[in-house]
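Participant: Dropping a structure here in structure tokens format, bear with me for questions.
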Amino acid sequence: MRLRALDGLRLVAALMVACYHYGGRGGDITKAWGGSAQGQFPTAHHWFAYGCLGVQVFFVISGFVICMSGWGRPLISFFASRVSRLMPAYWFAVILVTAVFALPMVAYKTVSLSDALLNMTLFQMPVGADRVLGVCWTLWAEIRFYALFALFVVLPGATRRRVVLFCAVWTMAAVMTDAANASFLDVVLMPEYAPFFIGGVGLYLVHRDRRDALGWGIAGVSLLLGQHYAVADLWRPSNPDAFSNRSALVIVLIVAFGFVAVAAIGLGLLNWMNWKWLTVAGALTYPFYLVHEHLGWVEVDFLHRHLGIPSAATMGLTIVSMLVLAWIIHRLVERPFTPKLRNVLLTKL
């Protein structure tokens with residue numbers, strides 16, 4: 001049975017991130033608005049600033065979904081499914097944003113040809129190249145999670161015992177890495193993001209058996225660790241693009257919302273949300289997430305500064321148009337090329 005409520009939660013997380021990028025931070029969006037987002041949304045910007053926590057919600061969902069999709073699947077099939085799921089829309093988004101930013105009437109600089117080509121590999125983050133898509137840092141975190149899960153769970157064969165051991169060892173190793181300040185292991189084990197992936201995996205164990213005490217324990221410990229890292233990173237951010245000190249309580253509540261929502265979906269409490277349009281919403285989430293930030297700058301600049309459309313209407317129109325673009329990418333890129341790429345990988349490998 002498809003968990004359509006999980007598709008809806010994906011879209012909620014993506015819209016949270018979009019609100020943050022358009023109205024909850026500084027940086028390049030300031031150029032698009034012709035002034036700070038704080039000035040455009042004097043009251044709402046305080047709430048938009050919490051939208052970045054949509055990423056943590058995404059990571060919990062990812063832990064749940066990757067454990068579900070990797071269970072009982074051979075390594076080659078797992079690899080092919082992940083590559084074919086991520087890359088067609090990602091490649092198209094990199095090409096599209098690079099091409100748009102190269103237009104003479106666009107005020108944003110494109111990256112160099114060399115860096116644009118490197119971005120096609122998804123390895124621009126570790127080698128320090130300029131990024132075409134600002135959100136690709138989250139994909140770099142996802143890839144590291146996939147690699148760890150593939151190596152220690154999918155390759156030897158997923159069992160409950162092996163998944164529990166994977167969660168326990170990763171949690172301990174990540175905490176010790178943070179304490180030891182070991183830079184290499186910090187890159188591999190991602191202490192600040194690991195609890196969210198691990199928590200999602202624990203919640204999948206609960207989905208399989210709601211009486212699984214170890215699954216509940218994994219999710220609970222991960223929630224406690226995850227809220228700590230979220231508060232430490234976001235409460236009073238040092239990022240110069242930030243303009244709003246967030247409430248520690250609200251951060252904890254949003255992180256808890258992510259865990260509780262995935263738990264409720266896993267337990268079947270939201271099975272009544274079996275609306276077909278949620279499947280479409282889930283399909284739009286990934287391409288929307290890829291293109292909304294940078295192309296949103298261009299649209300906000302055009303609608304607000306050149307056409308004089310009010311801030312709230314500009315933001316709404318930009319989100320809607322990015323969703324329409326995401327639907328086009330899904331229909332013309334993902335639907336035809338995802339199965340073709342998966343079949344090629346399965347055949348050749």
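The values are calculated or read from the model by the stated rules, or taken from the named source; none is laboratory data. Fair warning: this is a prediction, and the values are worked out from it, not measured in the lab. Every residue, glycine as well, gets a Cβ built from its backbone with ideal geometry; the counts of neighbours run over all protein chains shown.
Participant: Tell me yes or no: at least one residue of segment 259-277 is within 19 Å of the chain's Cα centre (by Cα) and of a type in the set (Phe, Trp, Tyr).
Facilitator: Yes; the residues of segment 259-277 include at least one that is within 19 Å of the chain's Cα centre (by Cα) and of a type in the set (Phe, Trp, Tyr).
Participant: Just to check your reading of the model, which residue among 54, 72, 26, 39 is assigned to a helix (DSSP H, G or I) and either in contact (Cβ under 8 Å) with a residue 12 or more places away in the chain or buried (at least 23 other Cβ atoms within 10 Å of the Cβ) (or both)?
Facilitator: Going through 54, 72, 26, 39 in turn, the sole match is 54.
Participant: Sticking with this one: Exactly one condition in (1) closer than 25 Å to residue 110 by Cα; (2) surrounded by 12 or more Cβ atoms within 10 Å (Cβ to Cβ); (3) at pLDDT below 95 is false for residue 306; which is it?
Facilitator: Failed condition: (2).
Participant: Still on this model: Go through 18, 44 for me and flag whichever is within 25 Å of residue 316 (Cβ to Cβ), aliphatic (A, V, I, L, M) and crowded, with 22+ Cβ neighbours inside 10 Å.
Facilitator: On inspection, the qualifying residue turns out to be 18.
Participant: Look at residue 320 and say whether it is more than 19 Å from residue 61 (Cβ to Cβ), β-branched (Val, Ile, Thr) and either without any contact (Cβ under 8 Å) to a residue 24 or more places away in the chain or crowded, with 21+ Cβ neighbours inside 10 Å (or both).
Facilitator: Judged against the criteria, residue 320 is a match.
Participant: Could you look through segment 313-349, keep only residues that are out of contact with any Phe, Trp or Tyr (no Cβ under 8 Å at 6 or more places or on another chain) and small (Gly, Ala, Ser), and pick out the one that is farthest from residue 30 (Cα to Cα)?
Facilitator: 321
Participant: Please determine, by comparing only the residues of segment 190-210 that are over 14 Å from residue 220 (Cβ atoms) and in contact (Cβ under 8 Å) with a residue 60 or more places away in the chain, which one is surrounded by the most Cβ atoms within 10 Å (Cβ to Cβ).
Facilitator: So the residue we want is 197.
Participant: Suppose the filter is among the aliphatic types (A, V, I, L, M), more than 26 Å from residue 18 (Cβ to Cβ), modelled with pLDDT under 95 and over 16 Å from the mean Cα position of the chain (by Cα); does residue 113 pass it?
Facilitator: Here the answer is yes, as residue 113 does meet what is asked.
Participant: Can you say whether residue 132 is surrounded by fewer than 19 Cβ atoms within 10 Å (Cβ to Cβ), closer than 17 Å to residue 297 by Cα and out of contact with any strand residue (DSSP E or B) (no Cβ under 6 Å at 6 or more places or on another chain), as far as the supplied structure shows?
Facilitator: no
Participant: Just to be sure I understand the filter: pairs with C-beta atoms under 6 Å, separated by 6 or more residues or on different chains, first member in segment 164-184 and of a type in the set (Ser, Thr, Tyr), second member surrounded by 13 or more Cβ atoms within 10 Å (Cβ to Cβ) and assigned to a helix (DSSP H, G or I). Which pairs pass?
Facilitator: Here the result reads 171/198; 177/185; 177/186; 177/189, each pair linking segment 164-184 to a residue that is surrounded by 13 or more Cβ atoms within 10 Å (Cβ to Cβ) and assigned to a helix (DSSP H, G or I).
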